[in-house]
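Peer 1: Okay, handing you the structure first.
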Ligand SMILES: Cc1cc2nc3c(=O)[nH]c(=O)nc-3n(C[C@H](O)[C@H](O)[C@H](O)COP(=O)(O)OP(=O)(O)OC[C@H]3O[C@@H](n4cnc5c(N)ncnc54)[C@H](O)[C@@H]3O)c2cc1C
């Protein structure tokens with residue numbers, strides 16, 4: 001049982017935007033007991049300070065120094081809880097890197113998360129954010145989420161249906177925001193591989209990969225979809241993502257900065273009358289999802305800079321730190337884009353990235 005408390009902690013390595021900021025305290029912990037005991041001790045000494053739980057900082061924008069305690073989980077472990085002929089229940093420590101778990105699960109023959117390969121971040125954050133890609137959301141495979149109250153140290157378990165999951169949304173980002181540390185996530189994974197290939201040009205990419213007879217991941221490919229291995233699908237997704245998205249180690253970013261807006265069908269029809277080629281997708285009864293990247297690109301922002309903050313030149317949904325940007329620089333660009341898109345299309349973009357205030 002270990003905790004590590006650092007005062008005046010630099011956050012540069014703890015956020016993928018590469019923002020230079022500091023936290024008054026940074027507390028890492030490797031067990032639920034360690035978290036509760038150390039927090040109680042800190043409270044006795046310093047009183048109630050603001051608290052923010054982070055993972056790998058890949059969906060955060062620090063707008064300045066953080067005046068309170070930043071918590072970071074180092075709870076590890078992957079535990080098989082139960083198994084039937086068809087599925088497994090596996091409990092994973094919130095501090096595990098989500099992509100490492102996906103790779104491990106595939107090796108074990110546990111399927112369902114392949115399409116989420118290479119999304120940065122920890123398992124706990126994945127359950128908070130309801131991460132999604134290529135037609136899969138993590139809530140599809142979540143069975144249960146466990147958390148510790150940051151107020152009184154009590155334990156709480158939420159079944160999947162109690163987590164308020166929606167598009168990049170959960171109860172932990174809404175009414176419970178900042179109230180709990182997620183400590184474990186239990187996944188329900190299938191023992192039967194059922195590839196989901198309908199999104200993002202996956203079929204074409206896999207066909208191309210198949211034709212590379214000496215490709216290391218074409219092993220096991222038998223010519224029909226049934227024999228498509230999960231490992232191959234994972235590798236194809238990793239390759240597409242690497243080609244499409246800037247690597248935060250080279251250029252600071254937090255992935256998609258904005259959520260794709262969901263509008264009424266009437267609103268979408270109005271826009272389609274003016275922009276017949278506008279991408280749009282059904283999003284439930286009377287609702288339509290628009291592509292935020294397309295709106296930003298149409299508004300002329302792709303590749304544009306505002307000081308040291310810029311819109312990526314290949315992916316308009318991604319804002320980047322060209323070097324030395326502050327959180328305020330990125331926020332300024334974010335607001336300029338929102339205003340422009342709202343004026344042109346009558347649609348207000350909402351940031352997907354969590355903006356962290358310095359108060
Ligand atoms: C290059 C790149 C590509 C990306 N692609 C995708 C994508 O395809 N799909 C997608 O959905 N996302 C994507 N993202 C966003 C990001 O990877 C996810 O949001 C991820 O879940 C963030 O994980 P993290 O550990 O970095 O969490 P952080 O960014 O540190 O935190 C995210 C949120 O979770 C909360 N939190 C974190 N851990 C805990 C915990 N243990 N207990 C309580 N609250 C917690 C934080 O307070 C914060 O609100 C991408 C990001 C980058 C940089």
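The values are calculated or read from the model by the stated rules, or taken from the named source; none is laboratory data. Only a predicted model underlies this, so the values are computations on that prediction, with no experimental measurement involved. Backbone-built Cβ (ideal geometry, glycine too); neighbour counts: all protein chains shown.
Peer 1: Looking only at the range 16-47, count how many residues are assigned to a loop (DSSP other than H, G, I, E, B) and either touching a strand residue (DSSP E or B) at 6+ places or on another chain (Cβ under 9 Å) or buried (at least 20 other Cβ atoms within 10 Å of the Cβ) (or both).
Peer 2: 8
Peer 1: Is there any pair linking a residue in the range 33-54 that is at negative phi and without any contact (Cβ under 8 Å) to a residue 40 or more places away in the chain to one that is part of a helix (DSSP H, G or I) and surrounded by 12 or more Cβ atoms within 10 Å (Cβ to Cβ), with Cβ under 9 Å and at least six apart or on different chains, and which?
Peer 2: Short answer, once both residue conditions are applied: 49/42; 49/43.
Peer 1: Follow-up. Could you say which residue among 316, 336, 328 is more than 19 Å from residue 249 (Cβ to Cβ) and either free of Cβ contacts under 8 Å to residues at least 12 places away in the same chain or in a loop (DSSP other than H, G, I, E, B) (or both)?
Peer 2: Among 316, 336, 328, only 316 is more than 19 Å from residue 249 (Cβ to Cβ) and either free of Cβ contacts under 8 Å to residues at least 12 places away in the same chain or in a loop (DSSP other than H, G, I, E, B) (or both).
Peer 1: If you don't mind, there's one more thing I want to ask. So if I check each of 57, 64, which one is more than 13 Å from the ligand (Cβ to nearest atom) and either outside the structural domain of residue 183 (by TED's automatic domain parsing) or part of a strand (DSSP E or B) (or both)?
Peer 2: 64
Peer 1: Output the strands (runs of 3 or more DSSP E) that fall wholly within the range 129-199 and possess 2 or more residues being over 23 Å from residue 74 (Cα atoms), touching a strand residue (DSSP E or B) at 6+ places or on another chain (Cβ under 7 Å) and more than 10 Å from the ligand (Cβ to nearest atom), or say none.
Peer 2: Because the criterion is at least 2 residues that are over 23 Å from residue 74 (Cα atoms), touching a strand residue (DSSP E or B) at 6+ places or on another chain (Cβ under 7 Å) and more than 10 Å from the ligand (Cβ to nearest atom), the strands (runs of 3 or more DSSP E) in the range 129-199 that meet it are 180-190.
Peer 1: Which condition does residue 137 not pass, out of (1) farther than 28 Å from residue 232 by Cβ; (2) within 17 Å of the chain's Cα centre (by Cα), if it passes all the others?
Peer 2: Among (1) farther than 28 Å from residue 232 by Cβ; (2) within 17 Å of the chain's Cα centre (by Cα), residue 137 violates only (1).
Peer 1: Just to verify a result, which residue in the range 94-118, among those that are part of a loop (DSSP other than H, G, I, E, B) and touching a residue at least 40 places away in the same chain (Cβ under 8 Å), is farthest from the ligand (Cβ to nearest atom)?
Peer 2: Taking the range 94-118 and keeping what is part of a loop (DSSP other than H, G, I, E, B), we get 94-96, 109-110, 112-113, 117-118.
Next, from what is left, pick out any that are touching a residue at least 40 places away in the same chain (Cβ under 8 Å): 94-95, 109-110, 112-113, 117-118.
Working: 94: 4, 95: 7, 109: 24, 110: 20, 112: 16, 113: 12, 117: 10, 118: 8 Å.
So the residue we want is 109.
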